[in-house]
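The structure appears right after this line, and notes come after that.
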Amino acid sequence: MMAKADTIAVVGVGARTPLGFDAASSAAAVRAGISAIQEHPYMIDRFGERMKVTRDTSIDVDLRGVDRAVEIAVSPALDALRPLLQSNANAAVTLILSTGEPRPGQPDGFAAEVDKRLRKQIGQHVGLDGGGSTAGGHAGGLLAIHHACKSLRDGRAKFCLAGGVDSYLEPETLEWLDQNEQLHSETTTYGFCPGEAAGFSLLTTLGVARALGLLPLLEIVGTSIASEENRIKTETVVLGEGLGATFRLLFQDAPIDKVDRIICDMNGERYRGNEYGFAVIRNPGRFKDAADFETPADCWGDVGAASGPLFVSLITEAEARGYQPGPLSLIWASSENGARAGVLLGGPSRAG
């Protein structure tokens, strides 16, 4: 069956992670189960041990703040844009970017400044028109994809570059995580390994992709967002209401096929596992095997706002190389601020 011309397709991806400088190498490393977790060169936790982190070792460990985020983001943003640049199409791109949530080590206005500097860099290669930035946290990259799809459906954009960049490696941030008992260590087994990365997805409609000869890599079957009131690091008990609602909204308009693949931002924190368990119970019969989920944070660390677009690149690589287990994939992420976001992706065979 031929997919509709207004179906939204992923036509470009870019990734830069502690495992690799592009989507192919990062995906290959995750598939092989390679871990980038290492000891920080000099940051010591409250037990006197070196903090366990993942980092982009090609960037000076002392490069900080906006400079570091932009350095991580530029190459994957250009990678995602490459199919459009090579097509010689004279089309403006709407950039929608997310960074980590406001936190110690990340000043007010951080997302806007990263967005401004990134626009200056990639604007040398492509015309940019509209969009914006948000400090969205873990769900941020998927929120960017959600808003990009809305812009494309509403006819406000022809191409959207949706992405996330995050780095937990600011010393103030690491000390804050340590004080909150969120850093994984021999003593804190339910903590996570903070990392840094950037991921981008270039989206357009199938009609535009066909007109310009761009190859659809995946189809966006649906996106959804919701909010969780019982947040992590509070006295409340999470029952998966926000994530459950995210799944329910996704499945309302989705094909009746069961989900073949699940990739999420679970990072070792007990809260996230509990949340997912309840969210699955709230959506029975929609998963081939809800217990068979993938957690790339085991390999590249917790990469915050970059997570969602990086998950997209894992699926595009699997589709391109023939090891994707089935046509329907669910990716989801949960921010500490309560934001929840999910995306259903179909293989390019769905796209006609």
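The values are calculated or read from the model by the stated rules, or taken from the named source; none is laboratory data. Note that the structure is a prediction, hence the values are computed from the model and not measured. Quick reminder, even Gly has a Cβ in these numbers, built from the backbone with ideal geometry, and neighbours come from all protein chains shown. Each accessible area value is taken on the protein alone, full model and side chains, heavy atoms only, with ligands, DNA and RNA left out. Shrake-Rupley method; radii C 1.70, N 1.55, O 1.52, S 1.80 Å.
What is the magnitude of the charge dipole of the range 131-263 about its Cα centre, with +1 placed on the Cβ of each Lys and Arg, -1 on the Cβ of each Asp and Glu, and no other charges, expressed in debye to the nearest 20? Could you put the intermediate results ahead of the total?
Values: 10 positive and 17 negative charges, 208 e Å.
With Lys and Arg at +1 and Asp and Glu at -1, about 1000 debye.
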Subject >> Heavy-atom accessible area per residue - the chain, 1.4 Å, Å² >> reply: 40 Å²
Original post:
HN-Hα J couplings of the range 105-118 from phi, Karplus 6.51/-1.76/1.60, θ = phi - 60°, integer Hz, Gly and Pro as x?
Top reply: x, 10, x, 4, x, 4, 4, 5, 6, 4, 4, 4, 6, 5
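Within the set LYS150/LYS233; LYS4/LYS116; LYS233/LYS288; LYS4/LYS150, which residue pairs have Cα atoms separated by over 25 Å?
On the way: LYS150/LYS233 32 Å; LYS4/LYS116 35 Å; LYS233/LYS288 32 Å; LYS4/LYS150 16 Å.
Violating the 25 Å limit, Cα to Cα: LYS150/LYS233; LYS4/LYS116; LYS233/LYS288.
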**OP:** Name the most mobile residue of PRO18, PRO41, PRO171, meaning the one with the largest mean-square fluctuation, in a Gaussian network model of the chain with Cα contacts below 10 Å.
**Re:** PRO41
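Report, for the chain, the % of DSSP beta bridges that are antiparallel, rounded to 5.
Values: 38 of 58 bridges.
If we restrict to bridges inside the chain, about 65 percent are antiparallel.
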Original post:
Top mean-square fluctuation among GLU186, GLU275, GLU175, Gaussian network model of the chain, C-alpha springs under 10 Å?
Top reply: GLU186
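Rounded to the nearest 500 deg cm²/dmol, what is the calculated helix-only ellipticity per residue at 222 nm for the chain, with -39500 (n - 2.57) per DSSP H run of length n ≥ 4?
Numbers: 10 runs with 118 residues, N = 352.
Theoretical 222 nm ellipticity from helices: -10500 deg cm²/dmol.
Would you mind classifying the range 105-169 by shape? Square roots of the alpha carbon gyration tensor eigenvalues, ordered a ≥ b ≥ c; an a/c under 1.5 is rounded, otherwise it is prolate if a/b is larger than b/c and oblate if not. Each step should come with its number before you reach the end.
Working: a/c = 2.37, a/b = 1.34, b/c = 1.77.
Because a/c hits 1.5 or more and a/b fails to exceed b/c, the range 105-169 counts as oblate.
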Subject >> Sequence-distant residues sharing a close amide H with MET43 (under 5 Å, placed H) >> reply: MET51
**OP:** Report, to the nearest whole %, how much of the accessible area of the range 129-184 belongs to carbon and sulfur atoms, 1.4 Å probe, protein only.
**Re:** 40 percent
Original post:
Out of residues 5 or more away from PHE192 or on other chains, whose amide H comes under 5 Å of its own, with H placed 1.01 Å from N in the peptide plane?
Top reply: LEU183, HIS184
**OP:** Determine the relative contact order of the range 252-338: mean sequence separation of Cα pairs under 8 Å and six or more apart, normalised by residue count, in whole percent.
**Re:** 49 percent
Subject >> Net charge dipole size for the range 95-182 [Lys, Arg +1 and Asp, Glu -1 on Cβ; Debye, nearest 20] >> reply: 800 debye
Subject >> Alpha-carbon centroids, the range 135-172 and the range 273-337: separation in whole Å >> reply: 17 Å
**OP:** Label the range 230-318 by shape, choosing from rounded, prolate and oblate, from the square roots a ≥ b ≥ c of the eigenvalues of the Cα gyration tensor; if a/c is under 1.5 it is rounded, and otherwise prolate applies when a/b is larger than b/c, oblate when it is not.
**Re:** oblate
Subject >> Principal axis dimensions, the range 1-101 - Cα atoms, whole angstrom, descending >> reply: 59, 31, 25
**OP:** Go ahead and set up a Gaussian network model of the chain, Cα springs under 10 Å, then flag whichever of LEU328, LEU310, LEU97 fluctuates most.
**Re:** LEU328
Original post:
Once phi is turned into ³J(HN,Hα) by the Karplus curve 6.51 cos²θ - 1.76 cosθ + 1.60 with θ = phi - 60°, what whole-Hz value does each residue of the range 246-263 show in order, with x for glycine and proline?
Top reply: 4, 5, 4, 4, 5, 6, 3, 9, 8, x, 7, 4, 7, 5, 8, 9, 10, 10
**OP:** For THR94, tell me the accessible area in Å² from a 1.4 Å probe, rounded to the nearest 10.
**Re:** 10 Å²
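For the range 1-57, what % of the accessible area comes from carbon and sulfur atoms, probe 1.4 Å? Display every interim value, and only then the final one.
Working: 1480 of 2770 Å².
Of the solvent-accessible surface of the range 1-57, carbon and sulfur hold 53 percent.
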Subject >> Amide H within-cut-off set for GLY136, under 5 Å, with H built and near neighbours excluded >> reply: THR99
Original post:
What base-10 log of the normalised intensity I(q)/I(0) is obtained for the range 216-274 from the Debye formula, alpha carbons as equal point scatterers, at q = 0.18, 0.20, 0.23, 0.29 Å⁻¹?
Top reply: -0.78, -0.91, -1.08, -1.32
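Classify the range 121-276 as rounded, prolate or oblate from the Cα gyration tensor: take a ≥ b ≥ c as the square roots of its eigenvalues, call it rounded if a/c is under 1.5, otherwise prolate when a/b beats b/c and oblate if not.
Details: a/c = 2.40, a/b = 1.49, b/c = 1.61.
Because a/c hits 1.5 or more and a/b fails to exceed b/c, the range 121-276 counts as oblate.
How much of the accessible area of the range 205-261, in percent, comes from carbon and sulfur atoms when a 1.4 Å probe is used?
Accessible surface attributable to carbon and sulfur in the range 205-261 totals 53 percent.
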Original post:
How big is the accessible area of PHE21 in square angstrom, nearest 10, if you roll a 1.4 angstrom probe over the protein chains?
Top reply: 110 Å²
**OP:** Please name which of THR189, PHE311, CYS299 has its Cα lying farthest along the dipole of the range 161-314 towards the positive end, using unit charges on Cβ (Lys, Arg +1; Asp, Glu -1) and the Cα centre as origin.
**Re:** PHE311
Original post:
What ³J(HN,Hα) values, in whole Hz, does the Karplus curve 6.51 cos²θ - 1.76 cosθ + 1.60 give for the range 282-296 when θ = phi - 60°, with x put for Gly and Pro?
Top reply: 6, 10, x, x, 9, 10, 4, 8, 5, 7, 9, 10, 10, 10, x
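Dipole size in debye (nearest 20) for the chain around its Cα centre, Lys and Arg Cβ +1, Asp and Glu Cβ -1? Don't jump to the answer; show the numbers that get you there.
Numbers: 33 positive and 44 negative charges, 282 e Å.
The dipole of the chain has a size of about 1360 debye.
Relative contact order (percent) for the chain, with alpha-carbon contacts under 8 angstrom and 6 or more residues of separation? Don't skip to the end; give the middle numbers.
On the way: 851 pairs, mean separation 92.9, N = 352.
That works out to 26 percent.
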Original post:
Which listed residue (ASN180, HIS147, GLN86) has the Cα farthest towards the positive end of the charge dipole for the chain, taking +1 on Lys and Arg C-beta and -1 on Asp and Glu C-beta about the Cα centre?
Top reply: GLN86
